[in-house]
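Trainee: One structure, as structure tokens, below. Some questions next.
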Amino acid sequence: MSDKPNYRVNRRDVKMTERVAMAAVGQSILRSQKVHGTDTSIMFAERASGYHTSPHMHDCEQMNYIVSGEIFFFVDGRGYRCKTGDVMRIPRNKVHWAWNRGTETAVVFESHSPPLRDRGGDAVALLGPDDDASKIQHMANILVKMDQAEIDAIEARAIAEEVGRRAAE
């Protein structure tokens, strides 16, 4: 059937992009693959050791599943160390950033609803004949200016909390 809607793609057929992250601190490289429908996008992301972004926000809820490695997410002035198997929610319009302080690449599946904008245009659109691509509301990352001392304090507090938690175990 040639009129079958395009609702499926295998991940191996989705282009892998490699670029400096939009909110990068320094040269933090994001390797990713992206797909989207009308209301949700999924990004398969690889963040190498040292990957670090600046505070930013977007008008979409973000759900992260940590496939492997570990990564800190900072949301609303608090830090969360996420490890393999963890799920991390970032609510809409909350200031957040990420930092891979581990020694290995963190592999994270991210879902954004509504879809997050695809900077490079490489996302695979899983749309059917009734879906109007021009009506999809893709959300953009918005950089948020924060005092570096405040960022450093938030990160230091989160790392200290994690060290304390590990010592207690």
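The values are calculated or read from the model by the stated rules, or taken from the named source; none is laboratory data. All values derive from a computational prediction rather than experimental measurement. A quick note on method: Cβ atoms are made from the backbone with ideal geometry, for glycine too, and the neighbour counts reach across all protein chains shown. These area figures cover heavy atoms from the full protein model, side chains too; ligands, DNA and RNA do not enter into them. Shrake-Rupley method; radii C 1.70, N 1.55, O 1.52, S 1.80 Å.
Trainee: Taking the conditions exactly as written (open to solvent by less than 60 Å² (accessible area, probe 1.4 Å) and under 25 Å from Ala149 (Cβ atoms)), does Arg101 satisfy them or not?
Mentor: On the way: open to solvent by less than 60 Å² (accessible area, probe 1.4 Å): no; under 25 Å from Ala149 (Cβ atoms): yes.
So Arg101 does not fit the description; no.
Trainee: Still on this model: Return the residues of the stretch 58-75 that are under 23 Å from Pro115 (Cβ atoms) and among the charged types (D, E, K, R); say none if nothing qualifies.
Mentor: Asp59, Glu61, listed by residue number.
Trainee: Also, I was wondering about something else. Pairs please, first residue from the stretch 98-109 and of a type in the set (S, T, N, Q), second anywhere and assigned to a strand (DSSP E or B) and buried (at least 23 other Cβ atoms within 10 Å of the Cβ), Cβ atoms under 8 Å, 6+ apart in sequence or on different chains.
Mentor: From the stretch 98-109, the pairs are Asn100/Arg47; Asn100/Ile71; Asn100/Ala106; Thr105/Arg47.
Trainee: A follow-up question, please. So Met88 ticks every box in (1) closer than 30 Å to Asn10 by Cβ; (2) open to solvent by less than 40 Å² (accessible area, probe 1.4 Å); (3) in contact (Cβ under 8 Å) with a residue 60 or more places away in the chain but one. Which box is left unticked?
Mentor: For Met88, the failing item is (3).
Trainee: Quick one: Glu110 ticks every box in (1) open to solvent by less than 80 Å² (accessible area, probe 1.4 Å); (2) farther than 15 Å from Ala23 by Cβ; (3) within 14 Å of the chain's Cα centre (by Cα) except a single one, so which number is it?
Mentor: The number of the failed condition is (2).
Trainee: Look at the stretch 113-143 and say how many of its residues are exposed (fewer than 12 other Cβ atoms within 10 Å of the Cβ) and among the polar types (S, T, N, Q).
Mentor: Residues flagged as exposed (fewer than 12 other Cβ atoms within 10 Å of the Cβ) and among the polar types (S, T, N, Q) within the stretch 113-143 amount to 2.
Trainee: Would you mind telling me which numbered condition in (1) within 11 Å of the chain's Cα centre (by Cα); (2) at pLDDT below 95; (3) more than 27 Å from Ala158 (Cα to Cα) Leu30 fails?
Mentor: Of everything listed in (1) within 11 Å of the chain's Cα centre (by Cα); (2) at pLDDT below 95; (3) more than 27 Å from Ala158 (Cα to Cα), Leu30 misses just condition (3).
Trainee: Being in contact with a Phe, Trp or Tyr (Cβ under 9 Å, 6 or more places away or on another chain), open to solvent by 30 Å² or more (accessible area, probe 1.4 Å) and of a type in the set (A, V, I, L, M): is that true of Val95 here? Spell out how you get there, then give the answer.
Mentor: Details: in contact with a Phe, Trp or Tyr (Cβ under 9 Å, 6 or more places away or on another chain): yes; open to solvent by 30 Å² or more (accessible area, probe 1.4 Å): yes; of a type in the set (A, V, I, L, M): yes.
So Val95 fits the description; yes.
Trainee: Let me ask something additional. Quick one: count up the residues across the stretch 83-104 that are within 14 Å of the chain's Cα centre (by Cα) and within 20 Å of Val25 (Cα to Cα).
Mentor: Within the stretch 83-104, residues that are within 14 Å of the chain's Cα centre (by Cα) and within 20 Å of Val25 (Cα to Cα) number 8.
Trainee: Here is a further query. Out of the stretch 1-29, which residues are touching a Gly at 6+ places or on another chain (Cβ under 8 Å), surrounded by 13 or more Cβ atoms within 10 Å (Cβ to Cβ) and either among the polar types (S, T, N, Q) or outside any strand (DSSP E or B) (or both)?
Mentor: First pass over the stretch 1-29, keeping only residues touching a Gly at 6+ places or on another chain (Cβ under 8 Å): 5-7, 17, 19, 28.
This time we only want the ones that are surrounded by 13 or more Cβ atoms within 10 Å (Cβ to Cβ), so: 17, 19, 28.
Thr17, Ser28 - these are the residues of the stretch 1-29 that are touching a Gly at 6+ places or on another chain (Cβ under 8 Å), surrounded by 13 or more Cβ atoms within 10 Å (Cβ to Cβ) and either among the polar types (S, T, N, Q) or outside any strand (DSSP E or B) (or both).
Trainee: Exactly one condition in (1) hydrophobic (A, V, I, L, M, F, W, C); (2) without any contact (Cβ under 8 Å) to a residue 24 or more places away in the chain; (3) touching a Gly at 6+ places or on another chain (Cβ under 7 Å) is false for Ala133; which is it?
Mentor: (3)
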